[in-house]
1. Scanning for something among the aromatic types (Phe, Trp, Tyr) and open to solvent by less than 70 Å² (accessible area, probe 1.4 Å), does region 12-27 turn up at least one residue?
2. Taking interchain pairs and intrachain pairs at least six residues apart, which have beta carbon atoms under 7 angstrom, with the first residue in region 69-91 and free of Cβ contacts under 8 Å to residues at least 40 places away in the same chain and the second among the small types (Gly, Ala, Ser) and surrounded by 15 or more Cβ atoms within 10 Å (Cβ to Cβ)?
3. On the given criteria, is ASN79 part of a helix (DSSP H, G or I) and buried (at least 16 other Cβ atoms within 10 Å of the Cβ)?
4. State all residues of region 32-62 that are in a loop (DSSP other than H, G, I, E, B), in contact with a Phe, Trp or Tyr (Cβ under 9 Å, 6 or more places away or on another chain), open to solvent by 40 Å² or more (accessible area, probe 1.4 Å) and farther than 20 Å from TYR82 by Cβ; if no residue qualifies, say none.
5. What are the residue pairs meeting all of these: first residue in region 35-54, first residue touching a residue at least 24 places away in the same chain (Cβ under 8 Å), second residue in a loop (DSSP other than H, G, I, E, B), Cβ atoms under 8 Å, and 6 or more apart or on different chains?
6. Those residues that are within 14 Å of the chain's Cα centre (by Cα) and either open to solvent by 60 Å² or more (accessible area, probe 1.4 Å) or among the charged types (D, E, K, R) (or both), I need them from region 63-76; list them, please.
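The values are calculated or read from the model by the stated rules, or taken from the named source; none is laboratory data. Model, not experiment: these values are computed from the prediction. Positions of Cβ are generated from backbone atoms using ideal geometry, with glycine treated the same way; all protein chains shown enter the neighbour counts. For accessibility, only protein heavy atoms count, side chains too; no ligands or nucleic acids. Shrake-Rupley method; radii C 1.70, N 1.55, O 1.52, S 1.80 Å.
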Amino acid sequence: MASATANNNPLDYPLRLCESVAFILHGILGLCEPFTGCLRSTFQDNGAMPTWFWPLAGSFLICVAIINFRGNDVAVLMNQAYIAEFHMGGVLYHNSLGHHPASGVGPG
């Protein structure tokens, strides 16, 4: 099922490219987190997330960045649904840490 409508929208590719670059960068941060501790120290989560979560989330983010450019409309739609869910999880995570409510609005 090739994408017939994606080529008609001039913003489709640039937006997915920006999104995927950000996800690759955050994926690398997640994969390196057990060794660097940069995310846990920045967020001051005091163990709110288990250590294994960060590399798992990082590998998911890298997969999402790659799937974002598949030619299949259904795969891209499911991918975008996962991205929305992931950001909602980020909002709830920051909320549970007592961060400012606007911290969850950062991605978009």
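1. Within region 12-27, one or more residues are among the aromatic types (Phe, Trp, Tyr) and open to solvent by less than 70 Å² (accessible area, probe 1.4 Å).
2. GLY90/GLY104; VAL91/GLY104
3. Answer is yes for this residue.
4. ALA48
5. Close Cβ pairs (under 8 Å, with a partner that is in a loop (DSSP other than H, G, I, E, B)) amount to PHE43/LEU97; PHE43/HIS99; GLN44/LEU97; ASP45/LEU97; ALA48/LEU97.
6. Within region 63-76, CYS63, ILE66, ILE67 meet the criteria.
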